[in-house]
1. Has segment 11-27 got any residue that is out of contact with any Cys (no Cβ under 9 Å at 6 or more places or on another chain), modelled with pLDDT of 95 or more and of a type in the set (Phe, Trp, Tyr)?
2. Filter segment 18-31 down to the residues that are closer than 15 Å to Leu44 by Cβ and part of a loop (DSSP other than H, G, I, E, B) and list them by number.
3. Please verify whether Gly67 is of a type outside the set (A, V, I, L, M) and at positive phi, treating the condition exactly as stated.
4. Exactly one of (1) in contact (Cβ under 8 Å) with a residue 24 or more places away in the chain; (2) more than 12 Å from the chain's Cα centre (by Cα) is unmet by Arg59. Its number?
5. Identify all residues within segment 45-59 that are surrounded by 14 or more Cβ atoms within 10 Å (Cβ to Cβ) and part of a helix (DSSP H, G or I); write none if there are none.
Amino acid sequence: EDFVPRAADGEAAGFELWPLAAVLDAVVAGDDFKFNVNLVLIDLFLRRNLIDPLSPDGRRLRAALAGADAAG
């Protein structure tokens, strides 16, 4: 609990701790994160049931992340 992350490689300006629901809201609302980060976050939302993985949208997202034809 004493760990403090530091941006040392130029990739990030800093770090913030957000509740997962707030991250989901930010992903849905716009482009706060790089597109490739959104892919990882969507997978996390599905695994944590913030997006219902059994819903039609959840199934399409899971199929798209797996590289399957999401239209089918």
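1. No: zero hits.
2. Trp18, Pro19
3. So Gly67 fits the description; yes.
4. (1) is the only condition that Arg59 fails.
5. Answer for segment 45-59, where residues must be surrounded by 14 or more Cβ atoms within 10 Å (Cβ to Cβ) and part of a helix (DSSP H, G or I): Phe45, Leu46, Gly58, Arg59.
The values are calculated or read from the model by the stated rules, or taken from the named source; none is laboratory data. Only a predicted model underlies this, so the values are computations on that prediction, with no experimental measurement involved. Please note: Cβ atoms are built from the backbone with ideal geometry, for glycine as well, and neighbour counts cover all protein chains shown.
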